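The values are calculated or read from the model by the stated rules, or taken from the named source; none is laboratory data. Keep in mind that what you see is a predicted model, and the values were worked out from it rather than measured. We place every Cβ from the backbone using ideal geometry, glycine too, and count neighbours over all the protein chains shown. Surface accessibility is based on the protein's heavy atoms, side chains included, excluding ligands, DNA and RNA. Shrake-Rupley method; radii C 1.70, N 1.55, O 1.52, S 1.80 Å.
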Amino acid sequence: MSDNAFYITTPIYYVNDIPHLGTAYCTLAADARARFERLRGKDVRFLTGTDENALKVARAAEAEGKDVQTFVDELAERFKETWRAYNISFDDFIRTTEPRHTAVVQRFVEKLYESGDIYMSTYSGWYCVSCETFFNGDEVKGAAKAGDDLSRCPNAECRKEVQWTEEPAFYFRLSAYADRLLKEIEDRPDFLRPESRRNETMQFIKSGLNDVCISRVQDWGIPMPASIPGAQGKVIYVWYDALINYASAVGLFSDDPERTALLGRYWPADLHLVGKDIFVRFHATLWPAMLMSVGVEVPRQIFGTGFWNIEGEKMSKSKGNVIEPVHLAKQLAAEASCDFDTAVDAIRYFLLKDVSFGSDGDFRHAGLVGRYNGELANDLGNLLNRTLSMVHRYRDGRVPGNRKRTSALRSLAEEAQPGIEQAYAEMNFVAALSRVIQVVREANRHIEREAPWEKVKSGQDDELDFLLTELLDTLQFVAIIISPVLPSVARKIWAQLGSPRAFEKLRWEDAPNWGILSTGVQTSSPEPVFPRVDTTPKMEGKKKQVAAQDTATPTISFKEFQRLELRTATVTAAEKVDGADKLLKLTVDAGDGARTVVAGIAQQFAADELVGKNIVIVANLEPATIRGVESRGMILAAGEEVPLALISPDRDVPPGTKVR
Ligand code: MSP
């Protein structure tokens, strides 16, 4: 592998159905990482594709009365269309019905047969068509629940009926690889991520590995190589075939020198991103063992992502709550009156910012709109808009280019950048994006503090030039640094800043390269990049409700109100409360030393995004112990069912200032 290469893959998706939010999630996370690595100047290869040889795919085609190949051709196209709509910058799209894949899979199996790692026996056990997975009796029994009238799939995300299967079959000697697998995992702490999945895999291997059945008697699939005795009528088990895609796509066992060169350049893969449901058994155990058995290096890292629920419920066809990514973007674009690409960027931002990568998430439309209106429109969009408006109002729209000393914003950006780089490289999108938004918020606060309108009044021209330049430079920084997640919006911001430099040519190290926006360059008139979603119709409804309730809600006297001690406070530390999805433990300074406050905002706000924030708390609330943490006070937040915005003073006041 060349030193500068970076090879990243997504799972290949079953084409029994169209793409949904879950499949889009893994793909857009991979895209953000791929874009980040390109920005860092890496030679990136980004692979995605479709898994087409599954029994459930053939059944889905039958159910629609379609020829299977025609059916998979149509669906593979749907996946490509969705990924293009989501600006997924894949370099290759592999389909497992393509000859470049099927030939390699057959060669792979032949090699293993020759080396003795594949042998013939009889399979008897359970098969789950939905997961395309074999299970033994103990696994099915172990997962059975009281009231189960049928044998069900042990996979907690599935639980569909399993079928008893008995057939002559080929087996792969997975059991022979347990020690080598454990050693690989122990020797390379970054091999399996996050830590919880690594531990789960070690436990799974230590509990004893069985050999894996790798053939099936069915019509649809890649035939077992005819050279192997007993192969007739059998196809290769779909998982065994599918995993090989990562290597067949870059020319494993190819005779074509061009394709072999790809393998030399990109193998071993740097990162396989996969959902947690297909992590332990397939990607972290079977796949590395398969590679070991043919003497090919194992991938550098496998990362397991979490699952998304929808408005608190499991996403499923039967519940009718499956979110189709393109439909969601159209819906948001209509609500916000923004273009489709901006809506896509906002969804990409939301999914990567809302939960820490690897954990499960709950998709709530109100949460998406909240982050859109908050971090994207109010913070980022607003910074661009007010900066350009001032540049136009005071300087005819031209970049003043006054960089006479190092500005506070420049120091902040330079200080933030290494942390953001590390966070992206560790797939810690929450931390990366929180830091970017902190810079944006600080720039907005800086405008308040520096009050450019006062400088205009008092004729401080030089200082005004300096301020406007540092704000424009900060926008350059933000556009470059946020571009892996917001590729279209970043380009729009860059276009408004007016620089003739092509955005695609900019690199990570250009972000804090103050001076790229040259003096005198004409900026565009400000165009809101994130027009706000108007939530007023809903609010009016609510207002009426509130008005109706008013008659029933007793009023309080001024004296009663005075008993409430509201104070400003600065958040000095924040962390999740163990075992509670919704709770954050905040340490705040409310002017009387440190105190802890437990707040139910963990699903809307990341802990590190809150540190440094000025908020308002009820300071004299009776202390309470919540999940073992003493809480002294309550933070104020706006939002009906979920907290959507924290209440903050609109300018800097010392912590502990009374709110009246
Ligand atoms: N074809 C196999 C993968 C083979 S890789 C060699 C497969 N396909 S899948 O289409 O069923 O799922 C693909 C990915 O989507 C998995 O990583 C799975 O975890 C992910 N998701 C499916 N539903 C999801 C959510 N609700 N939320 C997040 N990701 C989810 O498995």
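Checking each residue in segment 12-31 for being acidic (Asp, Glu) and either near the ligand (Cβ under 9 Å from one of its atoms) or open to solvent by 10 Å² or more (accessible area, probe 1.4 Å) (or both) picks out only Asp17. When segment 51-65 is filtered for residues that are in a helix (DSSP H, G or I) and within 16 Å of the ligand (Cβ to nearest atom), the ones remaining, listed by number, are Leu55, Lys56, Val57, Ala58, Arg59, Ala60, Ala61.
This table checks each residue for (1) more than 20 Å from Pro484 (Cα to Cα); (2) assigned to a helix (DSSP H, G or I); (3) within 16 Å of the ligand (Cβ to nearest atom).
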site: Arg33; (1), (2), (3): no, yes, yes
site: Phe36; (1), (2), (3): no, yes, no
site: Arg45; (1), (2), (3): no, no, no
site: Gly49; (1), (2), (3): yes, no, yes
site: Asp73; (1), (2), (3): yes, yes, no
site: Ile88; (1), (2), (3): no, no, yes
site: Arg107; (1), (2), (3): yes, yes, no
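Exactly one residue out of Ala574, Ala638, Ala624, Ala594 is open to solvent by less than 40 Å² (accessible area, probe 1.4 Å) and not assigned by TED's automatic domain parsing to the domain that holds Leu352: that is Ala574. For segment 231-248, a residue qualifies if it is farther than 16 Å from Thr97 by Cβ and charged (D, E, K, R), and exactly one does: Lys234.
Taking segment 1-11 as the search range and keeping residues that are at pLDDT 95 or above and either closer than 13 Å to Tyr86 by Cβ or open to solvent by 20 Å² or more (accessible area, probe 1.4 Å) (or both), which one is farthest from the chain's Cα centre (by Cα)?
My answer is Asn4.
Among the strands (runs of 3 or more DSSP E) confined to segment 585-643, the ones with at least 1 residues that are small (Gly, Ala, Ser) are located at 594-599, 624-626, 629-631.
For segment 135-162, the tally of residues that are within 15 Å of the ligand (Cβ to nearest atom) and either within 26 Å of Met292 (Cβ to Cβ) or open to solvent by 50 Å² or more (accessible area, probe 1.4 Å) (or both) stands at 4. Checking Ser458, Ser356, Ser407 one by one, the residue that is open to solvent by 20 Å² or more (accessible area, probe 1.4 Å) and in contact (Cβ under 8 Å) with a residue 60 or more places away in the chain is Ser356 and no other. Does Ser89 count as of a type in the set (S, T, N, Q), over 21 Å from Thr305 (Cβ atoms) and in contact with an Asp or Glu (Cβ under 9 Å, 6 or more places away or on another chain)? Judged against the criteria, Ser89 is not a match. When each of Lys319, Lys314 is tested for being open to solvent by 70 Å² or more (accessible area, probe 1.4 Å), within 11 Å of the ligand (Cβ to nearest atom) and farther than 15 Å from Thr23 by Cβ, the lone residue that passes is Lys314. Could you list all residues from segment 219-276 that are of a type in the set (Lys, Arg) and away from the ligand (no atom under 14 Å from the Cβ)? Passing the criteria: Lys234, Arg259, Arg265.
All of Thr285, Thr305 fail the test of being within 15 Å of the ligand (Cβ to nearest atom), buried (at least 23 other Cβ atoms within 10 Å of the Cβ) and of a type in the set (Ser, Thr, Tyr), apart from Thr305.
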